[in-house]
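Just below is one structure, and these are the notes that go with it.
The values are calculated or read from the model by the stated rules, or taken from the named source; none is laboratory data. A quick note: this is a predicted structure, and the numbers were derived from the prediction, not measured. Don't worry about glycine lacking a Cβ; one is built from the backbone with ideal geometry, like all the others, and counts go over all protein chains shown. We work out accessible area using only protein heavy atoms, side chains counted, and drop any ligands, DNA or RNA first. Shrake-Rupley method; radii C 1.70, N 1.55, O 1.52, S 1.80 Å.
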4 protein chains.
Amino acid sequence: MSAVRLGTNQYGKAENRVFRVYRDTDRHEVRDLNVTSQLWGDFETAHTKGTNETIVATDTQKNTIFAKSKEVGISSPEAFLLALADHFTSEFSWVTGGKWQAEEYGWARINDHDHSFYRSAPEVRTAALTRDGDVDHLFSGFHGLTVLKTTASGFTGYPRDKYTTLPETEDRILATDIATRWRYNTTSLDFEATYKRVKEIIMETFTNHYSYALQQTLYIMGEEVINQVPEIDEIRFSCPNKHHFTYDLERFGLENPNEVFIAADRPYGLIEATIVREDAQEAPTAWAGIAEFC
Amino acid sequence: MSAVRLGTNQYGKAENRVFRVYRDTDRHEVRDLNVTSQLWGDFETAHTKGTNETIVATDTQKNTIFAKSKEVGISSPEAFLLALADHFTSEFSWVTGGKWQAEEYGWARINDHDHSFYRSAPEVRTAALTRDGDVDHLFSGFHGLTVLKTTASGFTGYPRDKYTTLPETEDRILATDIATRWRYNTTSLDFEATYKRVKEIIMETFTNHYSYALQQTLYIMGEEVINQVPEIDEIRFSCPNKHHFTYDLERFGLENPNEVFIAADRPYGLIEATIVREDAQEAPTAWAGIAEFC
Amino acid sequence: MSAVRLGTNQYGKAENRVFRVYRDTDRHEVRDLNVTSQLWGDFETAHTKGTNETIVATDTQKNTIFAKSKEVGISSPEAFLLALADHFTSEFSWVTGGKWQAEEYGWARINDHDHSFYRSAPEVRTAALTRDGDVDHLFSGFHGLTVLKTTASGFTGYPRDKYTTLPETEDRILATDIATRWRYNTTSLDFEATYKRVKEIIMETFTNHYSYALQQTLYIMGEEVINQVPEIDEIRFSCPNKHHFTYDLERFGLENPNEVFIAADRPYGLIEATIVREDAQEAPTAWAGIAEFC
Amino acid sequence: MSAVRLGTNQYGKAENRVFRVYRDTDRHEVRDLNVTSQLWGDFETAHTKGTNETIVATDTQKNTIFAKSKEVGISSPEAFLLALADHFTSEFSWVTGGKWQAEEYGWARINDHDHSFYRSAPEVRTAALTRDGDVDHLFSGFHGLTVLKTTASGFTGYPRDKYTTLPETEDRILATDIATRWRYNTTSLDFEATYKRVKEIIMETFTNHYSYALQQTLYIMGEEVINQVPEIDEIRFSCPNKHHFTYDLERFGLENPNEVFIAADRPYGLIEATIVREDAQEAPTAWAGIAEFC
């Protein structure tokens, strides 16, 4: 007889590429999303007995996503995920929650044209919602925003052991791809304005200090976000230190005062941190499966 | 005054591509790893004050990985990660733990040649270790193993609502890329033999049943692993349902009795499940940042 | 005895990631290139006899690329490739030519900051130069510029056979990733201004017409470029027709007047065309190995 | 008035993912292809006037590919491409030729099971056919076969200039991803057996010599293929030199006699060569758009 049981599980339809056009006037608007729906609930017998009476087909989840993009529209990725959660948890009694995620790709008008666009945003915007019974956790974020400072960055004062060969430096390139998620303490806010504001704070803060290490830079970016946006309780960063090494030109009789660099691929530093509102709880389990680290 | 604090954090050097050759005899052996080291401990002031006196440089972590591949060698990815954890937690008093991960790429000899190899393994082998003070969690796994059944798979009996259009079928292609991780209840076992055995069980089980849904297939694969390998307490799968749709040839006067399929990219089903030893605890937080789902 | 001979060949160092900072004043400038150098000439004996007396090491080519980025600087990718060609063909008598290619990634200032940047350009800029003795062919281009029209595009009037099922439409989404290269009839021009101008012409032209097919759209984009830029004799496009299919919502009692689309991955249309100045020669062999089609 | 004309052009449907099952007996067989069809012919007015009367819709090309996979079957990628070419050039009088390409992914049975498979082949098999009126060029090949020698490879005797810093070595790792294409002098041969044989020759030859440079290794692999397979007139290789650098462990008091390497990503050497049957013509234009270099 088997001595096993079903543990944590979820399933759904991933990467539904929803392209939504608003064309009520000649000036069209577009939203371009990649939506993943996964359900939580009682799916025990499908796993253990092969009976599917509680398995809302992933094909049904796909149809629902596209239908809802017409029925409720897409005012923001976050609002759309909330609508999906409401639908699935009310339509099927045994579905007690789930995880819904979206990526959004940003388009801009070509020369302010009414219906011609180009994919302009360097970053991918993200949204994620988990619902477990009565408890929602709602996240926004982005990834793929590559930023770089050509100076005002150093790395000194670190411990040395027998494997340490890195020389200290007070002037280096600091480059990273910012991946970040933040957790809201409410589901009722202006998601569009907040997204824009957080991105601005992060980019502005990146410029305005001497960086003693990427750790410190992440911290003060997060600190600014928490301080300025009361609806956010936690923010996480997962950022590679994209090394730019000065190329040794002395061998060829040339000076290289931080002018010529080779951009390296691997290995890279990987710096990850959470910045939390002082009086808020961290919600580490809420991040699992959503953010890049525990 | 700031109302924020540092929460969960970790940092290190990612994707160190270690290629290790054993050449003590003319018949060389190779191990090809991609190793990531991240440390846990007291790094508070580096974040909040920009002082780096506890920041073991990621460059030092890189050097250490390569040095240890000579000093202790690589008998298995798992043993190598344990050696790295022992080093970092003993060398630096404020480093109380960390997360170490490895991918391994499998090579085979060309025509049984002594020193010529080709990259043969379809799957990427993985290992992961977290250490938090006295508590270790050790995982092995793989991803990228694509399997497919041309029959003996169906999907029926699922609930229907107004968004459900999928017809039931008792004969379809079932295809997936198997990504799996399992958690050991010990760190003392034959990692090489165990890895080989688990992979065999999974592949064998995939073939030997009629699949009522991918959920059921994952469950019985996990059940077999837990039943046969006492050192494993939990196994997780994150598997896409890679849809192969029968192409409508009737429009051209042709029959298509499940002979011609179009392989779709997106969206895809995404089925994720944990199978647990009956008398073991699930360790959900241990999986965070390692496995594909919470 | 062997009845074979060496045919066409070339070799070099690929994907040298040169990051060049100009920091003569507090307002820094950056150029971020990915440079590939391949040499043509007499490398016969290296292939047939294993003697390397004419093989300029790929490592030497790498060093040269980085040294030249200091010695001559990077005023444009095109000018930099010309400098590399001049160097290699004059330094080594048996090197009679070669192919040099560059990608450039576009950065913009964050809030007009002096030394903080983000990677802003949606497209990757490209340059390529072939030199064969006295004959140079110089190309510029870009790829990865994704554009889309939500209306003013149709597809009608095409021939129908027994495999044709596509309904005609006078209103669809037209979306593509523009990949283009153009060939100059001179090596003496303002590469920066010309690149900017060609990109503007292509984007502007994309917006200003009803598209009867992607073929027609490519043609008139090319026509405008040739007409407005006398230094360009030929321009090529290789553009996927990125299908956006209207999702069938009638099944759920919903209308879908081109509002909800599913963006498909594969298959995709692939439309490729050359537009040539009337009195110029096409140089099809010059494109080989550089452009996406013959 | 416009002073431009249409030059070289082609269009079609790319990356049709055809999965074909043969299930006439309980022991099923599968073929898994990615097929691209592009047509050549008189498409002038579609480009210049927006009239599509000669544009065989890319959707029609897609339907045809799937229909033909039933009607004629897939005995080999090459035979399938020939059938497609025959169809399109006979069905539409103005279609005078085209380019058809296929990738094939190799599956093997799990434990010799009748209908359960895993994707086993490390390499992607390729086929390509161009037809221009009466002239066919037919190619087979593969890419993604990664091979490595831990010894029996060196690099010495190369010229040195002021940018040369590479030390000579008589013992290094030689690693590459083999990408190759060969051109047949006939379209009537056993494609399955020939593919298998060429791959064997290439892998066997890789093992059986001391390599003075990757150039020499490519040459003798090609030489063996041409010598042993009379139906092949030309073979091309495009192979990165995947550098494995010995990690400097002396800094830590450790010896490293070619045991510990760091596998580098970029830059990499890129070695490309054609080996031709002595009495055959090279067909350089035939390769354009198919092979990796001119």
Only one of (1) surrounded by 22 or more Cβ atoms within 10 Å (Cβ to Cβ); (2) over 30 Å from B:TYR22 (Cβ atoms) fails for D:GLU282. Which number is that?
-> (1)
When you scan the range B:174-199, how many residues do you find that are assigned to a helix (DSSP H, G or I) and open to solvent by 40 Å² or more (accessible area, probe 1.4 Å)?
-> 5
Only one of (1) of a type in the set (Phe, Trp, Tyr); (2) more than 7 Å from every other protein chain (Cβ to nearest Cβ); (3) within 27 Å of C:LYS99 (Cα to Cα) does not apply to D:TYR219, and that is (2)
A careful count of residues in the range B:11-31 that are of a type in the set (S, T, N, Q) and either touching an Asp or Glu at 6+ places or on another chain (Cβ under 9 Å) or open to solvent by 10 Å² or more (accessible area, probe 1.4 Å) (or both) gives 1
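Closer than 30 Å to D:THR165 by Cα and within 13 Å of chain B (Cβ to nearest Cβ), is that true of A:ASN241?
yes
Can you tell me which residue within the range A:145-161, out of those that are part of a strand (DSSP E or B) and more than 9 Å from chain C (Cβ to nearest Cβ), is most open to solvent (accessible area, probe 1.4 Å)? Before the answer, list the steps.
So in the range A:145-161, the residues part of a strand (DSSP E or B) come out as A:145-149, A:153, A:155.
Now narrow it down to the ones that are more than 9 Å from chain C (Cβ to nearest Cβ): A:153, A:155.
Working: A:SER153: 0, A:PHE155: 21 Å².
The selected residue is A:PHE155.
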Hey, D:ARG17 hits all of (1) in contact (Cβ under 8 Å) with a residue 12 or more places away in the chain; (2) touching a helix residue (DSSP H, G or I) at 6+ places or on another chain (Cβ under 9 Å) but one; which does it fall short on?
-> (2)
State which residue is most open to solvent (accessible area, probe 1.4 Å) when the search covers only the range D:32-59 and only residues that are over 14 Å from C:TYR158 (Cβ atoms) and in a strand (DSSP E or B).
-> D:TRP40
Quick one: which residue in D:ILE290, D:ILE202 is of a type in the set (Val, Ile, Thr), part of a loop (DSSP other than H, G, I, E, B) and either crowded, with 20+ Cβ neighbours inside 10 Å or touching a residue at least 60 places away in the same chain (Cβ under 8 Å) (or both)?
-> D:ILE290
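Which ones in the range A:163-173 are of a type outside the set (D, E, K, R), within 13 Å of chain B (Cβ to nearest Cβ) and either assigned to a loop (DSSP other than H, G, I, E, B) or more than 19 Å from B:GLN61 (Cα to Cα) (or both)? First the steps, then the outcome.
Our first condition is that a residue be of a type outside the set (D, E, K, R); within the range A:163-173, this holds for A:163-167, A:169, A:173.
Now restrict to residues that are within 13 Å of chain B (Cβ to nearest Cβ): A:163-167, A:169.
Matches in the range A:163-173: A:TYR163, A:THR164, A:THR165, A:LEU166, A:PRO167.
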Which one of these does A:ALA3 not meet: (1) at the interface with another protein chain (Cβ under 7 Å from one of its Cβ atoms); (2) buried (at least 16 other Cβ atoms within 10 Å of the Cβ)?
-> (2)
Using beta carbons and a limit of 7 Å, which pairs, at least six apart or on different chains, have the first residue in the range D:250-265 and outside any loop (DSSP other than H, G, I, E, B) and the second one exposed (fewer than 15 other Cβ atoms within 10 Å of the Cβ)?
-> D:ARG251/A:THR165; D:PHE252/A:LYS162; D:PHE261/D:PHE245; D:ILE262/D:PHE245
Which pairs do you get when a residue that is among the hydrophobic types (A, V, I, L, M, F, W, C), found in the range D:156-172, comes within reach of a residue that is assigned to a loop (DSSP other than H, G, I, E, B), reach meaning Cβ atoms under 8 angstrom, with the pair 6+ apart or on two chains?
-> D:LEU166/C:ALA57; D:LEU166/D:TYR158
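How about the range A:15-44: which of its residues are farther than 15 Å from A:THR96 by Cβ, of a type in the set (Ser, Thr, Tyr) and in contact with a Lys or Arg (Cβ under 9 Å, 6 or more places away or on another chain)?
Selection gives A:TYR22, A:THR36.
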Among what's in the range D:105-144 and is in contact with a His (Cβ under 7 Å, 6 or more places away or on another chain) and part of a loop (DSSP other than H, G, I, E, B), pick the residue that is most open to solvent (accessible area, probe 1.4 Å).
-> D:ASP114
Residues of the range C:103-139 that turn out to be within 12 Å of the chain's Cα centre (by Cα) and within 23 Å of A:TYR118 (Cβ to Cβ), as a count = 8
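Quick test for you: out of D:THR96, D:THR8, pick the one residue that is of a type in the set (Ser, Thr, Tyr), within 10 Å of another protein chain (Cβ to nearest Cβ) and either surrounded by fewer than 24 Cβ atoms within 10 Å (Cβ to Cβ) or free of Cβ contacts under 8 Å to residues at least 24 places away in the same chain (or both). Give the steps one after another, and end with the answer.
Values: D:THR96 fails: within 10 Å of another protein chain (Cβ to nearest Cβ).
Answer to the check: D:THR8.
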Select, from A:PRO230, A:PRO267, the only residue that is at pLDDT 95 or above, on the phi < 0 side of the Ramachandran plot and surrounded by 19 or more Cβ atoms within 10 Å (Cβ to Cβ).
-> A:PRO267
For D:TYR105, which of the numbered conditions (1) more than 26 Å from B:ASP177 (Cβ to Cβ); (2) within 14 Å of chain B (Cβ to nearest Cβ); (3) touching a residue at least 40 places away in the same chain (Cβ under 8 Å) fails to hold?
-> (1)
In this structure, does D:GLU78 turn out to be surrounded by 21 or more Cβ atoms within 10 Å (Cβ to Cβ) and part of a strand (DSSP E or B)?
-> no
Positions within the range C:73-93 being at the interface with chain D (Cβ under 9 Å from one of its Cβ atoms) and touching a residue at least 40 places away in the same chain (Cβ under 8 Å), in sequence order = C:PHE92
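Here is a check on your reading of the model: is A:ILE173 within 16 Å of C:ARG109 (Cα to Cα) and under 17 Å from the mean Cα position of the chain (by Cα)? Working first, answer last.
Numbers: within 16 Å of C:ARG109 (Cα to Cα): yes; under 17 Å from the mean Cα position of the chain (by Cα): no.
The answer is no for A:ILE173.
So which residues in the range B:60-72 are more than 7 Å from chain A (Cβ to nearest Cβ) and open to solvent by 10 Å² or more (accessible area, probe 1.4 Å)? Walk me through how you get there before you give the answer.
We begin by selecting, within the range B:60-72, every residue more than 7 Å from chain A (Cβ to nearest Cβ); these are B:61, B:65-66, B:68-72.
Passing the criteria: B:LYS68, B:LYS70, B:GLU71, B:VAL72.
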